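S.K.: This is the structure I have questions about; it appears just below.
Since every read-out is calculated from the coordinates, none of them should be taken as a lab result. All of these numbers come straight from a predicted model, not from anything done at the bench. Here the Cβ positions follow ideal geometry from the backbone for every residue, glycine too, while neighbour counts run over all protein chains shown.
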Amino acid sequence: MSEHLHKTVFDPSLSDEVSEEWYVSKIVADRIFNFFQKSPLFLWSDIHNCEDRAEAIAILLLHWGIPHYKAWLFDSYFLKNGQGSLLNEWNYHVCLMLPVKDNLNDQLEYFVIDPAHSTSIQKLFLWANMLTKEAYSSHIIKNGYTYIFPTGQINQQNWHFRNKQNFKWTIQGLAGINGVSNSGKAAVSFKKYLIRRTLKSFTELKNSRPNFEF
């Protein structure tokens with residue numbers, strides 16, 4: 001890759017440790033991507049609520065016993081007062097990530113599920129580079145149960161974990177409602193039917209594990 005295309009850097013100081021023994025094959029990873037790309041539960045045309053889609057997939061994969069992490073991408077100005085920007089003028093973006101290893105290639109690699117921006121599964125670096133508008137951005141790896149970072153300075157250990165409250169936000173996000181915004185809080189009140197329907201669909205999907213291996 002040409003030097004001018006390197007618009008993103010990996011930040012190990014903010015990343016969680018990964019396991020060398022926790023992975024899926026590339027074939028299974030492709031099948032998982034295709035499944036979620038086609039799932040009507042996920043509104044991939046919505047450029048908002050990415051943290052809720054990533055969290056929903058993480059919950060499903062945990063329940064199904066499938067290895068996973070989350071890939072986070074930060075505008076360097078937002079993260080460290082540096083230079084750089086992301087597409088859509090985002091401060092950050094997050095997606096579900098799969099650790100992948102094949103028998104023919106014994107090297108562990110990481111692939112991101114982001115059907116909003118790609119028609120196939122993408123390697124972590126290429127995904128981060130693709131969504132970086134101007135150099136530089138920072139991409140990191142977090143455990144699947146980390147929901148989002150805190151207000152203020154971000155470090156490796158002070159992230160918010162999965163809990164009952166942010167699960168409510170996750171279901172609202174799947175329904176296309178940003179429950180923490182002012183407009184989203186209002187929408188929660190008059191779109192309760194939509195939230196109930198989304199929760200029902202999510203629960204049914206969680207209890208119906210697809211067969212990705214065959």
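S.K.: Could you work out [θ]222 nm for the chain from helices alone, using -39500 (n - 2.57) per DSSP H run of at least four and dividing by all its residues? Round to the nearest 500 deg cm²/dmol. Kindly include the intermediate steps, with their values, before the conclusion.
M.R.: Values: 7 runs with 75 residues, N = 214.
Value at 222 nm, helices only, nearest 500: -10500 deg cm²/dmol.
S.K.: Once you have the Cα-Cα distance between His160 and Arg209, take 0.36 nm times their residue separation minus that, and quote the gain in nm to one decimal.
M.R.: 14.9 nm
S.K.: Also, quick follow-up: Run the quick spin-label model on Glu134 and Gln153: label points 7 Å from Cα toward the beta carbon, then report their separation in nm to one decimal.
M.R.: 2.7 nm
S.K.: Using a 7 Å offset from Cα along Cα-Cβ at Asp46, what residues in the stretch 147-169 end up with backbone N under 12 Å from the label point?
M.R.: 169
S.K.: Something else now. Just order 150-160, 136-146 by mean Cβ neighbour count inside 10 Å, highest at the front, would you?
M.R.: Numbers: 150-160: 11.1, 136-146: 21.4.
Result, highest mean first: 136-146, 150-160.
S.K.: Multiplying the sequence separation of Glu20 and Lys38 by 0.36 nm and subtracting their Cα-Cα distance, what value in nm do you get?
M.R.: 3.5 nm
S.K.: Right, here's the next one. Mind scanning Lys38/Lys206; Lys26/Lys133; Lys142/Lys200; Lys80/Lys164; Lys70/Lys191; Lys26/Lys200 and naming the pairs with a C-alpha gap bigger than 19 Å?
M.R.: Lys26/Lys133; Lys142/Lys200; Lys80/Lys164; Lys70/Lys191; Lys26/Lys200
S.K.: Once phi is turned into θ = phi - 60°, what whole-Hz ³J(HN,Hα) does the Karplus curve with 6.51, -1.76 and 1.60 give for every residue of the stretch 28-33, x standing for Gly and Pro?
M.R.: Those phi angles translate into 5, 4, 5, 5, 5, 4 Hz.
S.K.: Kindly identify the stretch 113-179 as rounded, prolate or oblate by the Cα gyration tensor criterion: order the square roots of the eigenvalues as a ≥ b ≥ c, call it rounded if a/c is under 1.5, otherwise compare a/b with b/c, prolate if a/b is larger, else oblate.
M.R.: oblate
S.K.: Sticking with this structure for a sec: Enter the mean projected area of the convex hull around the alpha-carbon atoms of the stretch 100-214, in nm², rounded to one decimal. Provide the component values of the computation, followed by the final result.
M.R.: Working: hull surface 43.0 nm².
Mean projected area for the stretch 100-214: 10.8 nm², to one decimal.
S.K.: Continuing with the same structure: Counting alpha carbon pairs within less than 8 Å and at least 6 residues apart, what relative contact order, in whole percent, applies to the chain?
M.R.: That works out to 28 percent.
S.K.: What number, in percent, do you get for the relative contact order of the stretch 63-161 if the mean sequence gap of Cα pairs under 8 Å and at least 6 apart is divided by its residue count?
M.R.: Over the stretch 63-161, the number comes to 31 percent.
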